Amino acid sequence: MKDSHYDAAIIGAGMSGLAAGIRLAHFGKKVCIFERHNAPGGLNSFYSLAGRKYDVGLHAMTNYVPPGVKGTPLGKLLRQLRIDREEFALCPQKRSRVAFRDCDLKFTNDFAVLDAEVTTRFPAQADGWRMLVQLVRTYDDVSLDAKPASAREVVARHLTDPLLTDMLFCPVMYYGSAQERDMEFGQFVIMFKALYLEGFARPLDGVRVIIRVLLEKFRQAGGERRMKCGVAGIIEEQGRAAVLKLDDGTEITADHVISSVGYPETLRLCSPGHEAEAEANTGALSFVETISVYRQPPATWGWREDTIIFFNDSELFDYSRAQELVDPRSGVICFPNNFEYAGGQLPEGLFRVTCLANYAKWAALPEPGYQAEKARWLGEMQRSARRFLPPVTDAVLAENLVTTDMFTPRTIRKFTGHLNGAIYGAPRKVRDGRTHLSNLYLCGTDQGFLGIIGAMLSGISMANYHILQKSGT
Amino acid sequence: MTKDECRKLVIDIISDIAPDEDLTTVKPEVRLRDQLQLDSMDFLDIVMELRKRHGIEVPEADYTQLASLDSCADYLTPKFQTKA
């Protein structure tokens with residue numbers, strides 16, 4: 001069948017798959033993206049419920065730099081995808097904060113703010129801090145063949161105060177680490193730059209603005225997209241991905257296959273299977289997120305200055321799989337209302353709280369128990385988070401509440417296919433994207449560039465490196 | 001195709017790849033990298049756009065020939081002429 005052969009087939013229409021697709025289609029490749037779900041976006045998507053649109057995944061786009069700042073991931077991405085900066089309509093954050101029991105560190109899109117906070121509160125650490133920042137600034141974090149190192153070990157060479165160390169690790173880990181308690185130093189650098197040296201922003205209408213731009217570029221470039229039609233299997237012949245079996249039972253072939261569905265998830269698609277390798281590199285970290293919709297904006301209760309708050313009240317910050325259904329000791333609060341929208345504003349007040357969760361425990365709950373636990377943890381998580389906010393009574397919030405929603409590790413597994421509901425994927429990343437099959441490459445979460453800008457750059461890099469640079473005449 | 005036309009065509013490509021760069025003051029004899037913020041990804045795109053728009057092939061060994069506008073013109077103009 002002639003029309004079922006592609007130069008490149010991409011598995012998954014998330015940020016990375018779409019970005020890879022745009023590159024390949026732009027340069028004349030016949031490319032098709034296969035997506036199992038009916039909505040694009042993957043881990044950063046949106047859904048409608050009772051006429052209301054919710055973002056899922058994205059709190060804020062990291063890596064924000066103001067117009068005119070060059071040489072950063074955002075600029076590279078815009079150039080590579082031929083996107084005009086205005087199309088993303090990014091509005092910068094107000095201010096964010098790391099809130100531990102007895103200490104706050106504020107940070108904004110201006111690094112000088114965090115720099116001053118650290119040197120004021122931890123004067124004895126100032127020299128080490130400067131050296132660490134210098135190291136981060138000069139580190140080649142996009143190298144595809146860097147040797148892995150422990151971020152905890154590298155940071156410990158510069159910082160000796162455990163509180164400061166944990167406070168710096170908390171946002172960096174929450175926004176991207178697939179590894180428990182530690183992360184690979186290259187990944188730490190990517191996130192440190194993305195969060196602290198660059199910053200947060202968001203389009204007023206949320207992540208769907210970014211997804212729409214990507215879909216439109218892909219369409220204009222001549223790319224093909226098949227929704228509700230995932231790849232069910234990859235058939236191997238002579239060390240190559242020879243045939244892709246689709247969910248609808250048909251088969252297609254492609255010179256190159258880029259998979260954005262994750263490392264163990266991709267291996268499990270392959271036949272013959274690679275169960276042991278998949279098992280050995282499957283993520284364990286999953287999350288729950290609650291979202292409460294209020295009639296009034298959060299500023300009504302004095303929650304006006306903070307865009308994102310990374311909180312923790314345990315003695316040592318413990319970024320690991322929750323022992324219970326949820327670990328409410330630490331987490332992330334996001335107020336989507338608190339960005340500088342320059343005139344615009346969201347129609348309702350939104351309060352989001354994210355905490356670490358335990359996939360196996362959520363997965364084992366019978367349906368009635370599942371609903372009851374969701375309701376219970378929604379309350380618990382919000383109570384935990386509100387300890388780090390100006391006080392307001394339960395009664396006032398309850399009067400103002402319009403609705404709530406929540407995703408659990410079960411939701412993540414169902415809609416993204418990520419094993420264990422592991423949002424950040426496999427603990428060990430595959431930087432060069434290579435797999436055991438010569439024409440099958442990984443992009444996205446498990447290639448290891450983090451955040452949504454990272455995800456798009458991952459798709460771009462893999463398309464460039466494995467396909468465009470090598471295709472001669 | 002004259003060398004001047006060839007320079008203009010390379011400028012057109014760069015302005016699409018890097019619309020945030022000011023190209024009005026680019027000195028033709030100076031390396032592009034020294035006056036513009038272009039990285040290896042951008043140079044790959046110049047090569048790819050040459051192929052896409054004009055059917056001109058630049059083998060990897062010749063990438064250094066694209067260092068400045070003048071060297072681009074010296075290297076590419078004969079290729080355009082052969083093609084025409």
Once you have the Cα-Cα distance between A:D248 and A:Q134, take 0.36 nm times their residue separation minus that, and quote the gain in nm to one decimal. 35.8 nm
Local electrostatic count, A:P162, Cβ distance below 12 Å [Lys/Arg +1, Asp/Glu -1]: -2
Could you check how many percent of all C-alpha pairs in the range A:163-297 are farther apart than 22 Å? 62 percent
I need the semi-axes of the equivalent ellipsoid of the range A:292-331: take the C-alpha gyration tensor, multiply each eigenvalue by 5, square-root it, list largest first in whole angstrom. 28, 13, 7
About the Cα centre of the range A:284-416, what is the dipole size in debye to 20, counting +1 per Lys and Arg Cβ and -1 per Asp and Glu Cβ, all else neutral? 320 debye
Helix axis angle, A:111-121 relative to chain A longest principal axis, alpha carbon, degrees: 40 degrees
Give the Kirkwood hydrodynamic radius (Å, one decimal) of the range A:284-416, defined as one over the mean of 1/r across all pairs of different Cα atoms. 15.6 Å
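Under 9 Å from the Cβ of B:L36, count the other residues' Cβ atoms, weight Lys and Arg +1, Asp and Glu -1, and hand me the total.
Result for the local shell: -3.
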Starting from one equal scatterer on each C-alpha and no solvent at all, send me the Debye-based log10 I(q)/I(0) for chain B at q = 0.11, 0.16, 0.22, 0.23 Å⁻¹, two decimals. -0.25, -0.54, -1.09, -1.21
Computed FRET efficiency, Cβ-Cβ of A:D255 and A:A360, R0 45 Å: what is it to the nearest 0.05? 0.70
Dimensions in Å of the range A:246-296 - Rg and Dmax from alpha carbons: 17.8, 56
Where Rh is the Kirkwood radius over the Cα pairs of the range A:1-136, the temperature 10 °C and the viscosity 1.306 mPa s, what D in µm²/s does Stokes-Einstein return? 84 µm²/s
Taking chain A as the reference, fit the longest principal axis to its C-alpha atoms, fit the long axis of helix A:367-386 to the helix C-alpha atoms, and give the angle between the two in degrees, 0 to 90, nearest 10. 50 degrees
Using a Debye calculation, one point per C-alpha and no hydration shell, please list log10 I(q)/I(0) for the protein assembly as shown at q = 0.05, 0.07, 0.11 Å⁻¹ in order. -0.21, -0.42, -1.03
Please express the Cα-Cα pair-distance distribution P(r) of the range A:109-198 as a list of whole percents, one per 5 Å bin, running from 0 to the bin with the greatest distance. 2, 14, 26, 28, 19, 7, 2, 0
Measure nothing fancy, just the Cα-based angle from helix A:126-138's long axis to the longest principal axis of chain A, in degrees from 0 to 90, nearest 10. 20 degrees
Over 28 Å (Cα to Cα) - which of A:K53/A:K106; A:K94/A:K193; A:K30/A:K245; A:K245/A:K361 fall in this group: A:K53/A:K106; A:K245/A:K361
For A:K29, which lysines qualify as cross-link partners when the Cα separation must be under 19 Å and same-chain residues fewer than eight apart are set aside? A:K2, A:K217, A:K470, B:K52
So what are the radius of gyration and Dmax for the Cα set of the range A:373-473, in Å? 20.9, 70
Quick one: work out the % antiparallel among DSSP beta bridges in chain A, nearest 5. 70 percent
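Taken together, the values in this text are just the output of simple stated rules run on the coordinates, not laboratory data. It should be emphasised that the depicted structure is a prediction, and the values quoted were computed from it without experimental measurement. Here the Cβ is made from the backbone with ideal geometry for all residues, glycine too, and neighbour counts use every protein chain on show.
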